Amino acid sequence: MEIQNVCKNSIVICLLAIILSFGQTDASGQSQMSAERQKLSDIKISIISNRLNLSPEQSIRFWPVYNEYSAKRRGIHKEIRQIINYKKSPEVSDVKSSEDIIRVHQLKQNELDLDKKYQQRFLDIISANQLGELYMAETEYSKMLLERLKK
């Protein structure tokens, strides 16, 4: 039990160190953005790893599937953001707005279908409890990002 607390405390300290290092800048804005994305990715991996407590065998099988799933979800979210940002333009017609709304609904359905497809793939690798922990870890990560953006 004490070893688990030490491990959790170590992870929290590492996360804090990573978060605090966000304020440092690189020579170019592009490399800084890339470095920040990598730090965020590292934080997400740490949160998920901590919550799921994957065995070595599970870890080898889980991460490629999760990375594939995440990439597909990011693609859907990017397309939704593009539609929403375009919609902010005052010269967008009602017809275009209606088409955009329909497309956003299609994309949300695509995301739901993706979740259902990958749920089964995840359950072939991890337990249902671990899958629940994955969803909770993703929520925790999102909350952490929102808190970071507020600052």
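The values are calculated or read from the model by the stated rules, or taken from the named source; none is laboratory data. What you see is a predicted model, and the numbers here were worked out from it, not measured in a lab. With ideal geometry, Cβ positions are generated from the backbone for all residues, glycine too; neighbour counts draw on all protein chains shown.
Hey, any hits in the range 46-62 for a residue that's part of a helix (DSSP H, G or I) and either closer than 17 Å to residue 146 by Cα or modelled with pLDDT under 85 (or both)? Yes.
What pairs can you find where one residue is in the range 57-69 and touching a residue at least 60 places away in the same chain (Cβ under 8 Å), the other is buried (at least 16 other Cβ atoms within 10 Å of the Cβ), and their Cβ atoms are less than 6 Å apart, with a gap of 6+ or different chains? Going by the 6 Å Cβ cut-off, the qualifying pairs are 58/125; 58/126; 61/125; 62/54; 62/125.
Let's see how each residue does on (1) hydrophobic (A, V, I, L, M, F, W, C); (2) outside the structural domain of residue 65 (by TED's automatic domain parsing); (3) surrounded by fewer than 12 Cβ atoms within 10 Å (Cβ to Cβ):
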{"position": "83", "(1), (2), (3)": "yes, no, no"}
{"position": "96", "(1), (2), (3)": "no, no, no"}
{"position": "100", "(1), (2), (3)": "no, no, no"}
{"position": "103", "(1), (2), (3)": "no, no, no"}
{"position": "107", "(1), (2), (3)": "yes, no, no"}
{"position": "111", "(1), (2), (3)": "no, no, no"}
{"position": "120", "(1), (2), (3)": "no, no, yes"}
{"position": "138", "(1), (2), (3)": "no, yes, no"}
{"position": "145", "(1), (2), (3)": "yes, yes, no"}
